[in-house]
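Below you'll find the structure, written out as structure tokens, and then a few comments.
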Amino acid sequence: MQENHHFRFTSVKAGEGVSAHVLPTRKFKTTTICLIIGRDLDERASHAALLGEVLKRGSAKYPDMRAIAGQTEEMYGASFGCGVSRIGGKQALVLRLIMPNEHFLPARTRLLERGFDFIEEMLLRPLASAGAFNKDVVRREKTNLQARIASLVNSKFEYAQRRCIEEMCRRERFRFYEYGNVEGIARLTPRMLFTFYGELLETRPVDVYVVGDVDERKVVERVRRMMKGRRPGDYLFAAPEPEPSPRRPRTVTEKQEMEQTRLCVGLRTHTAVRNADFPAAMMYDVLLGGYSHSRLFRVIREKEGLAYDVYSHIEDSKGLMIITAGLEKRNLKKALRIIGEQMAGLRAGRISRDEMAKTRKNAVTRFMSIADLPLLLIQDHYSEMVNGAVACLDEWVERIKGVTAADVKAIAEKVTVDTIYVLEPRGKKRTR
Amino acid sequence: MKKLRIIRSDVLRASVHTGETSGGLRAFYWPMAGFARYFALLAVKYGSVDNNFVPRAGRKPIEAPEGIAHFLEHKLFENKKGDVGGQFSALGASSNAMTGFDSTMYFFSCTDNFEKSLRLLLKFVNRPDFGEAGVEREKGIIGQEILMERDNPDWRIFSNMLKAMYVRHPARTDVAGTPESVAKINRDLLMECHRTFYHPSNMVLVAAGAFDPAEIHALVEGASPKENGGRAEIRRIYPDEPPAPGEKSMTERMDVTRPKVLLGFKDREKDYSPEALFRRDIITSIVLDVMFGRTSRLYNGLYSRGLIDGTFAASHSSYEKGIGYTAMGGDTNRPREMVDAIMGGLRRAASRGLDAREFHRKRKKAIGAFLSTFDSPDNSAVLFAHFHMRGANIFDYFKVMERVTLGEANRRMRSLLNEDNCTVSRILPLASKK
């Protein structure tokens with residue numbers, strides 16, 4: 001077998017709306033299988049989120065958690081996960097299985113084949129009868145999922161980011177939370193969920209990823225067998241939404257019982273991964289707040305000592321950028337002023353050759369590192385695919401290397417501040 | 001320079017090369033073909049519990065402010081040229097550090113410029129170069145780090161559990177210290193700690209990636225300090241800690257949506273020799289998996305009664321210097337019932353013993369799961385260093401795991417997981433919602 005140095009997936013059609021993406025490599029001691037069913041974020045995000053929790057809890061052959069865990073243990077401690085996540089701006093239902101590679105195990109264990117049997121069982125033979133999922137399982141998982149959504153507020157860091165996105169994208173699909181919402185989940189019945197499940201299987205694209213020391217043809221054949229019988233259809237995602245018309249930055253402030261103020265600044269770069277200038281936007285993000293030598297880190301943390309954590313990140317599908325920091329309430333204005341100044345500096349094109357070189361190296365390292373982590377390789381590929389921009393890591397590295405200071409300035413000129421979200425202490429702490 | 005010795009693992013099909021520099025730094029090199037990423041760490045056996053010690057220059061023990069090991073970790077990242085993190089970035093590498101109870105670890109990863117980055121690592125950790133003004137500024141940054149942690153209920157419940165469990169042992173203090181203790185730190189104190197603990201013989205280097213170990217060792221030899229003073233005997237002082245937990249429970253209210261409960265079981269074992277510790281950790285991990293794993297009757301009973309959800313987890317941690325505890329818990333709407341049900345489950349298990357079939361199955365699973373953790377240079381190096389610092393060779397894991405017996409596991413379960421050792425930490429919502 002040829003070692004795959006470029007970490008390029010081979011993508012093969014393996015049925016109607018079904019693709020197999022295989023990356024054969026001997027680098028890892030594990031084999032990773034990910035089956036992804038993607039959909040646009042919408043009002044029914046709750047359906048898909050609950051479905052993920054219910055599928056995870058049982059199938060015809062493995063009717064409860066004990067049986068499932070017993071089976072994964074038999075597969076030499078394979079780890080199984082199932083649930084939704086947000087990848088490339090889509091809601092993705094992901095079934096994932098990570099197994100030790102059979103070449104490291106005592107005898108020929110046919111672990112890959114057993115892995116596929118297991119994924120197939122969990123996805124296609126759920127614990128259901130007469131057109132409805134098991135009602136006890138649904139009831140329990142509704143409660144748990146609702147609790148999980150409600151408990152987002154317990155993590156100030158994540159809560160502030162989520163709220164910032166919600167406020168920023170009030171009229172876009174992006175506002176929907178991938179785990180759905182408490183009311184949406186309350187309305188779901190075992191029957192409704194089962195109908196949704198059938199519809200999902202019939203209308204949404206299925207992407208199966210395998211990374212590891214595997215035979216590509218066998219994988220494709222196995223995927224084809226698993227997903228046979230789907231009817232021809234378009235299996236598409238909605239077209240990219242138009243951007244909302246420009247407006248002045250909005251400030252949203254919320255208060256909670258807490259000690260530290262969390263600041264999130266939502267920016268729009270007005271580009272996305274499918275456009276030629278996205279590498280420049282990625283460089284803009286890294287320069288401004290994306291790494292431990294970024295402008296914001298240097299000034300807000302190292303020079304002024306205002307915050308412990310301050311950084312930014314950019315997202316593929318809409319080029320949204322969020323800057324986040326935890327600080328003392330009295331330093332909020334100062335931090336906002338510094339953020340404004342640093343953005344203005346980039347707009348004015350004040351970027352030294354040295355700073356460009358450092359930033360470029362950092363961005364390149366990030367891409368190269370993805371090659372060592374199977375789940376990230378998969379996630380990245382999926383995000384690029386659903387946003388119409390598949391490229392292998394080498395190509396990304398070349399694009400990043402080609403970004404000039406003038407390209408970054410061009411991005412800086414069009415970046416706009418959309419929303420400033422502040423989560424701050426309510427004042428005196430109550431104790432009881 | 002002496003030739004490197006090779007440590008092999010047949011299970012992992014790995015060879016780790018090891019040698020010692022003339023200054024006394026023990027180094028391990030793990031060649032990993034095919035990986036784009038390189039990783040190296042330099043760890044010091046010095047952490048948040050080492051506050052009471054005899055300084056290298058003196059005879060009398062001193063008591064340093066809480067949080068000083070962590071503060072020193074932050075400050076080593078400053079030198080005359082500015083921020084060391086930035087200097088790693090200039091090389092395309094990303095660096096970070098971590099302070100725990102008994103160790104401080106500095107590390108970087110990169111895909112290019114590995115040798116230059118390694119030189120920088122050895123330099124900045126060994127030669128402090130920070131000024132007084134930086135120390136004052138750092139108090140602001142660490143103050144924000146402390147507040148960030150305090151706003152995190154999962155961190156708080158854990159911190160409270162340790163406070164309730166330990167009566168005198170410094171494991172009860174927070175790694176970052178408090179705003180008050182941090183205020184007392186100055187440059188002289190930091191330098192004193194550095195002189196005392198950052199001695200090559202109290203440190204270890206682990207590197208992993210696609211490189212030639214002999215070449216890297218030559219570089220390390222050249223870039224490490226030449227200590228002539230021989231091995232520094234470090235005297236650390238720990239208070240006598242009673243075997244039972246100090247408090248049976250601790251409760252705090254925060255702005256959370258539902259109660260959180262964490263049960264802590266304090267380890268009473270006295271033998272903290274490397275072999276005993278290593279074996280005990282492995283046995284305890286199986287015990288917990290049999291009792292609280294996803295296949296266990298107890299876990300499934302708790303789950304189906306709605307007393308726990310997916311947030312529930314159980315794990316054991318232990319360190320040299322007499323720190324050992326099992327912690328288990330998660331979110332629940334009925335804290336009291338959850339605790340009662342777990343205690344009932346523990347009593348039943350104590351009288352019946354662990355299920356033999358489950359025990360053997362968990363062993364098989366553990367071996368596969370352990371294998372999977374070696375899938376990146378980062379994880380491999382960190383695990384290796386962690387066990388080395390406690391006198392163990394991680395490759396022995398497989399051997400020990402294959403030989404542990406059901407009898408040992410039962411004895412361990414009965415002595416550790418019982419009510420006398422237990423302390424309950426709770427975080428409750430501000431206003432009672434019932």
Just give me the residues in the stretch A:29-81 being within 10 Å of another protein chain (Cβ to nearest Cβ), touching a strand residue (DSSP E or B) at 6+ places or on another chain (Cβ under 7 Å) and among the basic types (Lys, Arg), in sequence order. A:29, A:56
With the condition kept exactly as written, say whether any residue in the stretch B:288-301 is aromatic (Phe, Trp, Tyr), within 11 Å of another protein chain (Cβ to nearest Cβ) and under 29 Å from the mean Cα position of the chain (by Cα). yes
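Quick grid of which residues meet (1) in contact with a Lys or Arg (Cβ under 6 Å, 6 or more places away or on another chain); (2) under 21 Å from residue A:276 (Cα atoms); (3) part of a helix (DSSP H, G or I):
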residue: A:378; (1), (2), (3): no, no, yes
residue: A:395; (1), (2), (3): no, yes, yes
residue: A:408; (1), (2), (3): no, yes, yes
residue: A:417; (1), (2), (3): no, no, no
residue: A:420; (1), (2), (3): no, no, no
If a residue has to be assigned to a loop (DSSP other than H, G, I, E, B) and either under 24 Å from residue B:377 (Cα atoms) or modelled with pLDDT of 95 or more (or both) to count, how many in the stretch B:199-227 make the cut? 4
Look at the stretch A:105-147 and say how many of its residues are surrounded by 21 or more Cβ atoms within 10 Å (Cβ to Cβ) and of a type in the set (Lys, Arg). 1
Within the group B:164, B:97, which residue is modelled with pLDDT of 95 or more, in contact with a Gly (Cβ under 8 Å, 6 or more places away or on another chain) and either in a helix (DSSP H, G or I) or within 12 Å of chain A (Cβ to nearest Cβ) (or both)? B:164
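Each row is one residue, and each column tells you yes or no for (1) within 29 Å of residue A:224 (Cβ to Cβ); (2) at pLDDT 95 or above; (3) in a helix (DSSP H, G or I); (4) not assigned by TED's automatic domain parsing to the domain that holds residue A:267.
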residue: A:97; (1), (2), (3), (4): yes, yes, no, yes
residue: A:108; (1), (2), (3), (4): yes, no, no, yes
residue: A:113; (1), (2), (3), (4): yes, no, yes, yes
residue: A:120; (1), (2), (3), (4): yes, yes, yes, yes
residue: A:123; (1), (2), (3), (4): yes, yes, yes, yes
residue: A:161; (1), (2), (3), (4): no, yes, yes, yes
residue: A:167; (1), (2), (3), (4): no, yes, yes, yes
Is at least one residue of the stretch B:236-254 under 30 Å from residue B:417 (Cα atoms), under 24 Å from the mean Cα position of the chain (by Cα) and hydroxyl-bearing (Ser, Thr, Tyr)? yes
Kindly indicate the residue of the stretch B:262-287 that is more than 18 Å from the chain's Cα centre (by Cα), away from chain A (no Cβ under 14 Å) and of a type in the set (Val, Ile, Thr) and also surrounded by the fewest Cβ atoms within 10 Å (Cβ to Cβ) among those meeting that condition. B:283
With the condition kept exactly as written, say whether any residue in the stretch B:280-303 is assigned to a strand (DSSP E or B) and not aliphatic (A, V, I, L, M). no
Test of understanding: among B:39, B:35, which residue is in contact with a Pro (Cβ under 7 Å, 6 or more places away or on another chain), in a loop (DSSP other than H, G, I, E, B) and not aliphatic (A, V, I, L, M)? B:35
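The values are calculated or read from the model by the stated rules, or taken from the named source; none is laboratory data. All values derive from a computational prediction rather than experimental measurement. With ideal geometry, Cβ positions are generated from the backbone for all residues, glycine too; neighbour counts draw on all protein chains shown.
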